[in-house]
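What follows is a single structure, written as structure tokens, with notes after it.
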Amino acid sequence: MYPFSFHHTKSIPESVSLKKELSEAKYIAGGQSLVGVLKLRLDKPSELINLGSIRELSGICIEGKTLTIGAMTRHAEVAASSDVKSCIPGVAQLAGLIADRMVRNMGTIGGSVANNDPSADYPAAVLGLNATIITNQREIQADDFFIGMFETALEPSELIQSIRFTAPIKSAYAKFKHPASRYAVVGVFVAQFPNEVRVAVTGAGASVFRHTEMEKALSKDFSTSAIEPIQISAQGLNSDFFADSQYRAHLMKSMAIQAVNNAK
Ligand SMILES: Cc1cc2nc3c(=O)[nH]c(=O)nc-3n(C[C@H](O)[C@H](O)[C@H](O)COP(=O)(O)OP(=O)(O)OC[C@H]3O[C@@H](n4cnc5c(N)ncnc54)[C@H](O)[C@@H]3O)c2cc1C
């Protein structure tokens with residue numbers, strides 16, 4: 001690691017103004033992505049601004065069909081929450097599939113979404129459910145948020161405060177996980193709303209994306225037989241040591257079928 005200074009902040013305005021003042025600074029949530037990056041010397045922030053003591057960034061709130069999860073809420077809390085399980089079971093299920101117990105106890109939804117790792121799980125739920133990312137300065141729809149590999153619509157000092165979801169009729173997540181890290185080789189989140197079905201895919205591209213052909217088929221008939229005939233193109237999909245693009249295309253359909261079967 002390169003040396004850096006560590007700042008504990010107590011409020012959102014304090015964190016944001018410190019970040020604006022210190023141009024080489026980074027926010028740190030649970031450190032489950034950032035610490036690895038620092039250890040490998042892939043980044044060199046001069047300062048880290050710890051979000052861990054800002055109480056208003058944590059917690060789960062349900063109002064009718066609206067579920068709001070604070071940015072600093074850990075994956076383990078989301079996975080165990082009876083409120084999340086009853087409102088959007090697919091989100092609790094996805095959080096429980098992230099990594100291992102240690103990572104789930106430290107990693108946060110805000111950090112995962114801000115990081116936008118191409119194999120991360122949460123971006124699939126956020127895009128699949130068309131969630132709203134609430135920052136210190138605005139609200140961003142999921143369709144406008146995920147720009148590219150490790151790239152989002154966030155401006156340099158912008159801080160995610162929470163993510164707001166609207167409960168669908170049914171949803172589920174299915175992932176073919178990497179056996180060591182448990183990141184998604186391919187993960188598919190399916191959500192059925194009264195007037196549309198959304199299908200979001202992670203692990204297969206540079207960033208999470210929607211699969212419009214499966215969405216159209218499922219909007220007409222929310223059943224596995226609607227997607228079985230679809231030929232998924234491997235063009236442009238990730239290809240690496242673990243899975244080539246053809247295999248990822250195959251996984252996309254298999255995971256979508258699993259998610260539709262398990263949707264509740
Ligand atoms: C061994 C291992 C296995 C893993 N397996 C999986 C897996 O299976 N699936 C999966 O999805 N993930 C996996 N992860 C990643 C894990 O889910 C992390 O929780 C996630 O990447 C974010 O980490 P964090 O919340 O600790 O954020 P940090 O690492 O602290 O921060 C990540 C980035 O987000 C920024 N940031 C953090 N919070 C905010 C905020 N509120 N507003 C704006 N910017 C912010 C930081 O500046 C930094 O750039 C794994 C990690 C490890 C170490």
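So, S58, is that one under 23 Å from A124 (Cα atoms) and out of contact with any Ser or Thr (no Cβ under 7 Å at 6 or more places or on another chain) or not? It would help to see each step written out before you state the result.
Details: under 23 Å from A124 (Cα atoms): yes; out of contact with any Ser or Thr (no Cβ under 7 Å at 6 or more places or on another chain): no.
Answer is no for this residue.
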Name every residue in segment 205-223 that is within 14 Å of the ligand (Cβ to nearest atom) and either within 15 Å of S254 (Cα to Cα) or among the polar types (S, T, N, Q) (or both), in order of residue number.
S207
Identity of the residue in segment 124-149, within 12 Å of the ligand (Cβ to nearest atom), in contact with a helix residue (DSSP H, G or I) (Cβ under 8 Å, 6 or more places away or on another chain) and over 17 Å from V197 (Cα atoms), that ends up most open to solvent (accessible area, probe 1.4 Å):
N136
Filter the helices (runs of 4 or more DSSP H) completely within segment 205-264 down to those with at least 2 residues that are assigned by TED's automatic domain parsing to the domain that holds S112 and touching a residue at least 60 places away in the same chain (Cβ under 8 Å).
245-262
Quick one: count up the residues across segment 23-43 that are within 13 Å of the ligand (Cβ to nearest atom) and either of a type in the set (K, R) or within 14 Å of L159 (Cβ to Cβ) (or both).
6
Single residue of segment 33-58 satisfying the filter (within 20 Å of the chain's Cα centre (by Cα) and within 18 Å of F150 (Cα to Cα)) that is surrounded by the fewest Cβ atoms within 10 Å (Cβ to Cβ)
G36
Considering only residues that are more than 19 Å from A259 (Cβ to Cβ) and either touching a helix residue (DSSP H, G or I) at 6+ places or on another chain (Cβ under 7 Å) or crowded, with 22+ Cβ neighbours inside 10 Å (or both), which ones fall in segment 76-100?
A76, S81
Among the residues in segment 169-182, are any away from the ligand (no atom under 16 Å from the Cβ), assigned to a loop (DSSP other than H, G, I, E, B) and of a type in the set (S, T, N, Q)?
no
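Given the criteria over 21 Å from Q32 (Cα atoms) and not charged (D, E, K, R), does S119 qualify?
Values: over 21 Å from Q32 (Cα atoms): no; not charged (D, E, K, R): yes.
Against the criterion (over 21 Å from Q32 (Cα atoms) and not charged (D, E, K, R)), S119 does not qualify.
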Residues located in segment 243-264, provided they are farther than 30 Å from C87 by Cβ and out of contact with any strand residue (DSSP E or B) (no Cβ under 6 Å at 6 or more places or on another chain):
D244, S245, Q246, Y247, A249, H250
Go through segment 212-254 and give me each residue that's closer than 21 Å to L129 by Cβ, under 24 Å from the mean Cα position of the chain (by Cα) and surrounded by fewer than 13 Cβ atoms within 10 Å (Cβ to Cβ).
T212
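The values are calculated or read from the model by the stated rules, or taken from the named source; none is laboratory data. All figures in this text were calculated on a predicted structure; none of them were measured in a lab. Glycine gets a Cβ as well: all are built from the backbone with ideal geometry, and neighbour counts include every protein chain shown. For the accessible areas, the whole protein counts, side chains as well, though only heavy atoms, and no ligand, DNA or RNA atoms are used. Shrake-Rupley method; radii C 1.70, N 1.55, O 1.52, S 1.80 Å.
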